[in-house]
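A short write-up of the structure that comes next.
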Amino acid sequence: MATISFSPKDQYNAFITTLNEAESGPGALSGIPVAVKDNISTRGIPTTCGSRILEGYVPPYDAHVVTLLKKAGAAIVGKSNMDEFGMGTTTENSAFGPTKNPADPSRVPGGSSGGSAAAVASGMVRMALGTDTGGSIRCPAAFCGIVGHKPTYGRVSRYGLIAYANSLEQIGPMARSVSDISLLMEVLTKYDPRDSTAVDCHYSHTPDPEIRGLKIGVPEEFFGEGVDPRVASAVWDGITLLERKGAEIVTCRMPSMAYALAAYYVTCTSEASSNLARFDGVRYGPPADTKLPWHEAFQQRRQSGFGTEVKRRIMLGTFALSSGYYGKYYAKAQAARQQVRNDFLHLFRTVDVIAGPTMPTVAFRLGEKTDPLSMYLSDILTVPANLAGIPSISVPCGKSEGLPVGLQIMGPHFRDERVIDVAYAFEQGVSR
Ligand code: GLN
């Protein structure tokens, strides 16, 4: 065991908690400093979910992924900043203040794993864990100019992840290179029976940049309304690079994109309203008036413990699930979700991967987006992969207005190896 000291000047507010000294053992990640998003339980280290409602909470156990990191010798040096409970696209919804984008500190780093992305992009750590419910690994990776991978649903155990929307979310790796993503995937995919949705499908793979003959589908909808033409052109340049390396580019359609965002927001708010019901503020959270009748005490504690966006989503989700509306909203959302899945399955009969931009724009200015709907709209290109449960990676793909752009590559279920290979081929092509 070696002790690694860690006392960065955290000028981007990437961390909620830093450990001045971290243990590192032998293994594949020996001596490597890793940041862990603050919704992943770490024994003996506060885990806040970016919320005041968990003030004073110190988990008595490690998430499965944390156990795996430790076994691989990694030095967990801190818990990274995030949108409260993962609800957001900018990391501005953190009770601990926003994180800034190292590529331009007047901009947001993306969210919700913005702290992890900023910690990696600024070089404070080599790798980080994020979670992705509707884009929260890929969006900040794109905005900060790093690589982020959302694994196939079920490939990484969620045991010890504080849930936001269980049916959509996965824990995944963030790093500056595709080979580091691959290395982390190897560590994170060890089967765990404590997550009933986990599948025993270990990733053991060395990235292979040979993509000759590979068919890449490009859905027209990924370049539709709302996608900044400058971002679109950077991504097309990237796709052309893949073509030069021998891939075949096929344009295609994804009609269910018209419903994807609505299906996502009904599903995630419904699951959130149920998940977040457990936070009563009794053991943890801001101090409250103990003389109040019990129901008023809960009300006061939840009122002061949760931020605005979290409260908005609890209310939306409770409404969507309520009797009389369930069929109109939740059931419809599940039907639309099935269509998204069917569209992907259909496309993967003829193409090997699907490519497009990760985000429709570059990173926003801090404070620029105040209207929740316009914020939600920016998730349009990332939520389809979560609805379908397929693997999806974002890899840096040039710049627009001097800011990083992400190329997104999606693949069939359990073909994480394939999307990582394409990202690797792309990265090699760019650096030549
Ligand atoms: N921006 C999306 C949301 O707010 C995605 C968040 C996430 O993946 N955790 O729900």
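The values are calculated or read from the model by the stated rules, or taken from the named source; none is laboratory data. Keep in mind it's a predicted model, so treat the numbers as computed, not measured. Glycine also receives a Cβ, built like all others from the backbone with ideal geometry; neighbour counts cover every protein chain displayed.
Taking Ala263 as the residue in question, decide whether it is more than 20 Å from Ile162 (Cα to Cα), within 16 Å of the ligand (Cβ to nearest atom), of a type in the set (A, V, I, L, M, F, W, C) and not in a loop (DSSP other than H, G, I, E, B). For Ala263, the condition - more than 20 Å from Ile162 (Cα to Cα), within 16 Å of the ligand (Cβ to nearest atom), of a type in the set (A, V, I, L, M, F, W, C) and not in a loop (DSSP other than H, G, I, E, B) - is met.
Residues that are within 19 Å of Pro412 (Cβ to Cβ) and within 12 Å of the ligand (Cβ to nearest atom) within segment 138-156 comprise Arg138, Lys150, listed in sequence order.
In this structure, is Thr17 among the polar types (S, T, N, Q), modelled with pLDDT under 95 and assigned to a strand (DSSP E or B)? Against the criterion (among the polar types (S, T, N, Q), modelled with pLDDT under 95 and assigned to a strand (DSSP E or B)), Thr17 does not qualify.
In segment 52-70 there is at least one residue that is more than 26 Å from Asp200 (Cα to Cα), at pLDDT 95 or above and acidic (Asp, Glu). Residues of segment 319-333 that are over 16 Å from Glu271 (Cβ atoms) and either in contact with a strand residue (DSSP E or B) (Cβ under 9 Å, 6 or more places away or on another chain) or small (Gly, Ala, Ser) (or both): Ser323, Gly324, Gly327.
Residues in segment 285-324 that are outside any helix (DSSP H, G or I), exposed (fewer than 14 other Cβ atoms within 10 Å of the Cβ) and not aliphatic (A, V, I, L, M): Pro287, Asp289, Thr290, Lys291, Pro293, Ser322, Ser323, Gly324. Please verify whether Ala198 is within 16 Å of the ligand (Cβ to nearest atom) and either at pLDDT 95 or above or under 19 Å from Leu387 (Cβ atoms) (or both), treating the condition exactly as stated. Against the criterion (within 16 Å of the ligand (Cβ to nearest atom) and either at pLDDT 95 or above or under 19 Å from Leu387 (Cβ atoms) (or both)), Ala198 does not qualify. You will find that of Thr42, Thr91, the residue that is within 16 Å of the ligand (Cβ to nearest atom), surrounded by 19 or more Cβ atoms within 10 Å (Cβ to Cβ) and either on the phi < 0 side of the Ramachandran plot or of a type in the set (Val, Ile, Thr) (or both) is Thr91 and no other. The single condition among (1) more than 17 Å from Phe344 (Cβ to Cβ); (2) away from the ligand (no atom under 16 Å from the Cβ); (3) not aliphatic (A, V, I, L, M) that Thr251 does not satisfy is (1).
Among the residues examined, Val77 qualifies as more than 13 Å from the ligand (Cβ to nearest atom) and over 26 Å from Pro412 (Cα atoms).
Do we find a residue being under 19 Å from Leu188 (Cβ atoms), surrounded by fewer than 24 Cβ atoms within 10 Å (Cβ to Cβ) and of a type in the set (S, T, N, Q) anywhere in segment 12-35? Yes, segment 12-35 contains at least one residue that is under 19 Å from Leu188 (Cβ atoms), surrounded by fewer than 24 Cβ atoms within 10 Å (Cβ to Cβ) and of a type in the set (S, T, N, Q). Within segment 175-194, none of the residues are touching a Cys at 6+ places or on another chain (Cβ under 8 Å) and within 11 Å of the ligand (Cβ to nearest atom). Just wondering, is there one or more residues in segment 371-390 that are within 16 Å of the ligand (Cβ to nearest atom), charged (D, E, K, R) and more than 27 Å from Arg212 (Cα to Cα)? The answer is yes, given that some residue of segment 371-390 is within 16 Å of the ligand (Cβ to nearest atom), charged (D, E, K, R) and more than 27 Å from Arg212 (Cα to Cα). Starting from residues that are charged (D, E, K, R) and surrounded by fewer than 17 Cβ atoms within 10 Å (Cβ to Cβ), keep the ones in segment 266-284 and report whichever is nearest to the ligand (Cβ to nearest atom). Within segment 266-284, the match that is nearest to the ligand (Cβ to nearest atom) is Arg278. Restricting attention to segment 182-238, the residues that are of a type in the set (A, V, I, L, M, F, W, C), part of a loop (DSSP other than H, G, I, E, B) and farther than 30 Å from Lys70 by Cβ total 3.
Table: residues versus (1) over 22 Å from Leu407 (Cα atoms); (2) surrounded by fewer than 20 Cβ atoms within 10 Å (Cβ to Cβ).
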site	(1), (2)
Gly111	no, no
Ser116	no, no
Gly123	no, yes
Ala142	no, no
Lys190	yes, yes
Val199	yes, yes
His202	yes, yes
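For first residues located in segment 382-394 and without any contact (Cβ under 8 Å) to a residue 24 or more places away in the chain and over 17 Å from Gly88 (Cα atoms), partners that are charged (D, E, K, R) and within 12 Å of the ligand (Cβ to nearest atom) and lie 6+ apart or on another chain with Cβ distances below 9 Å do not occur.
Residues that are free of Cβ contacts under 8 Å to residues at least 12 places away in the same chain, away from the ligand (no atom under 16 Å from the Cβ) and within 30 Å of the chain's Cα centre (by Cα) within segment 285-341 comprise Gln303, Phe319, Ser322, Tyr325, Tyr326, Gly327, Lys328, Ala331, Ala335, Gln338, listed in sequence order.
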